[in-house]
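Asks: This structure is in structure tokens; I'll ask about it shortly.
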Amino acid sequence: MMDRKTVGRGSWLALAMALAWAIASPASADVKIGVVDMQRALNECNAGKKAKEQVRAKFEKAQNELKAQRESLDRMRESYDKKALVLKEDERRNLEKDMEVRSLDFKRKYEDYQRDLKRTDAELTSGIVEQLYGIVAAYAKERGFTVVLETSAGALVYADPSIDVTDEVIKRHNAR
């Protein structure tokens, strides 16, 4: 299993090799490098904003349902704590078992909501990301870029803002 440092080193190595190749190539005078922040493009393009809003709305609905269920469990626990000493043994065991079942149900529902939200986010944004990559590729070819690097991946330490094409990518995606 690769850890984050290993992946980071691999990204740096690939970046260094690509830049070394671009600089050392015979046509090095024609090298044109650009950068794009795909995460920002996704978050700021109209379709990305709409997708994030849909995920947020679904998250809030799930959060409200879980909050209500949690409050019900808390009330049940408080009631049990008040009555526990005066209950018969079998009644106490039944209530404890019921609280445990409801608590496990709450945990399962929480995990299900998390998985569902991640899946929804991926479904809504994956097509947009593909479109953004297509726009970057078309823009790079049109403008004669040799390489366009992705800044939000974490492998890029610095890039002059003048080579950032993110705003143009967002503008072109919104124009679609």
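The values are calculated or read from the model by the stated rules, or taken from the named source; none is laboratory data. These figures come from a predicted structure and were not determined experimentally. Please note: Cβ atoms are built from the backbone with ideal geometry, for glycine as well, and neighbour counts cover all protein chains shown.
Asks: Which of (1) touching a residue at least 60 places away in the same chain (Cβ under 8 Å); (2) in contact with a helix residue (DSSP H, G or I) (Cβ under 9 Å, 6 or more places away or on another chain); (3) assigned to a helix (DSSP H, G or I) does Ala140 not meet, given it meets every other one?
Replies: (2)
Asks: Moving on. Residue check, Ser126 against (1) small (Gly, Ala, Ser); (2) under 19 Å from Asp37 (Cβ atoms); (3) touching a residue at least 60 places away in the same chain (Cβ under 8 Å), all met but one. Which one?
Replies: Going through (1) small (Gly, Ala, Ser); (2) under 19 Å from Asp37 (Cβ atoms); (3) touching a residue at least 60 places away in the same chain (Cβ under 8 Å) one by one, Ser126 breaks only (3).
Asks: Which one of these is out of contact with any Lys or Arg (no Cβ under 9 Å at 6 or more places or on another chain) and aliphatic (A, V, I, L, M): Ala68, Ala84? Write out each step before concluding.
Replies: Values: Ala84 fails: out of contact with any Lys or Arg (no Cβ under 9 Å at 6 or more places or on another chain).
None of the others qualify; the one that does is Ala68.
Asks: Something else: For the range 149-169, what are the residues that are of a type outside the set (Gly, Ala, Ser) and farther than 10 Å from Asp37 by Cα? Steps first, answer last, please.
Replies: If we filter the range 149-169 for residues that are of a type outside the set (Gly, Ala, Ser), which is where we start, we get 149-151, 156-158, 160-161, 163-169.
If the condition is that a residue be of a type outside the set (Gly, Ala, Ser) and farther than 10 Å from Asp37 by Cα, then Leu156, Val157, Tyr158, Asp160, Pro161, Ile163, Glu168 are the ones that fit.
Asks: For the range 153-164, give me each residue that is buried (at least 16 other Cβ atoms within 10 Å of the Cβ) and either modelled with pLDDT of 95 or more or not hydrophobic (A, V, I, L, M, F, W, C) (or both). Spell out the reasoning first.
Replies: At the first step, the residues of the range 153-164 found to be buried (at least 16 other Cβ atoms within 10 Å of the Cβ) are 155, 164.
Across the range 153-164, the qualifying residue is only Asp164.
Asks: With the requirement that a residue be more than 15 Å from the chain's Cα centre (by Cα), assigned to a helix (DSSP H, G or I) and at pLDDT 95 or above, what does the range 29-49 give you?
Replies: Of the range 29-49, the ones more than 15 Å from the chain's Cα centre (by Cα) are 29-36, 45-47.
From the residues that got through so far, the ones that are assigned to a helix (DSSP H, G or I) too are 29-30, 46-47.
Correct list: Asn46, Ala47.
Asks: Moving on. Kindly provide the set of residues from the range 143-161 that are assigned to a loop (DSSP other than H, G, I, E, B) and touching a residue at least 12 places away in the same chain (Cβ under 8 Å), ordered by number. It would help to see each step written out before you state the result.
Replies: Going through the range 143-161, the residues assigned to a loop (DSSP other than H, G, I, E, B) turn out to be 144-146, 151-160.
Once the filter is applied, which keeps residues that are assigned to a loop (DSSP other than H, G, I, E, B) and touching a residue at least 12 places away in the same chain (Cβ under 8 Å), the range 143-161 yields Gly144, Phe145, Thr146, Thr151, Ser152, Ala153, Gly154, Ala155, Leu156, Ala159.
Asks: With respect to Met76, is the statement that it is at pLDDT 90 or above, in contact with a strand residue (DSSP E or B) (Cβ under 8 Å, 6 or more places away or on another chain) and of a type in the set (A, V, I, L, M, F, W, C) true? Explain how you work it out, then say what you get.
Replies: Working: at pLDDT 90 or above: yes; in contact with a strand residue (DSSP E or B) (Cβ under 8 Å, 6 or more places away or on another chain): no; of a type in the set (A, V, I, L, M, F, W, C): yes.
Here the answer is no, as Met76 does not meet what is asked.
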